[in-house]
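Trainee: Right, I'll just put the structure down here and ask away after.
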Amino acid sequence: MSVLHVDWTRCDGRGHCSELLPEVLVADEWGYPLSRDGAREIPDAVLRHAKLAVEHCPLMALRLTPT
């Protein structure tokens, strides 16, 4: 498993990550990503989607770290 970190100083709530990773993230009313279940761990089954979200974040506000 990996952990998804959001750099809140970079994130501007565009919502790309929650669109690319709907299994884990949901956008709040302003577009900022929130964990669906409160956890930041990314299951291996959706790790590929998490990597895409990190790669496509326009402000590089996301990163994955191994647990």
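Trainee: Out of 9, 65, I need the residue that is open to solvent by 60 Å² or more (accessible area, probe 1.4 Å), more than 10 Å from the chain's Cα centre (by Cα) and hydroxyl-bearing (Ser, Thr, Tyr). Which one?
Mentor: Just one listed residue meets the conditions, 9.
Trainee: Collect the residues in the stretch 27-67 that are within 18 Å of residue 11 (Cβ to Cβ) and of a type in the set (D, E, K, R), keeping them in residue-number order.
Mentor: 28, 29, 36, 40, 51, 55, 63
Trainee: Go through the stretch 21-62 and give me each residue that's open to solvent by 50 Å² or more (accessible area, probe 1.4 Å), part of a loop (DSSP other than H, G, I, E, B) and free of Cβ contacts under 8 Å to residues at least 40 places away in the same chain.
Mentor: 22, 23, 29, 30, 32, 36, 37, 38, 40
Trainee: Turning to a different aspect of this structure: Which condition number does residue 5 fail, the rest of (1) more than 22 Å from residue 67 (Cβ to Cβ); (2) touching a residue at least 40 places away in the same chain (Cβ under 8 Å) being met?
Mentor: Here residue 5 clears every test but (1).
The values are calculated or read from the model by the stated rules, or taken from the named source; none is laboratory data. Predicted, not measured: the structure shown is a model, and the values here were computed from it. No Cβ is skipped: glycine too gets one built from the backbone with ideal geometry, and neighbour counts run over all protein chains shown. What goes into the accessible areas is simple: the full protein's heavy atoms, side chains included, and nothing from ligands, DNA or RNA. Shrake-Rupley method; radii C 1.70, N 1.55, O 1.52, S 1.80 Å.
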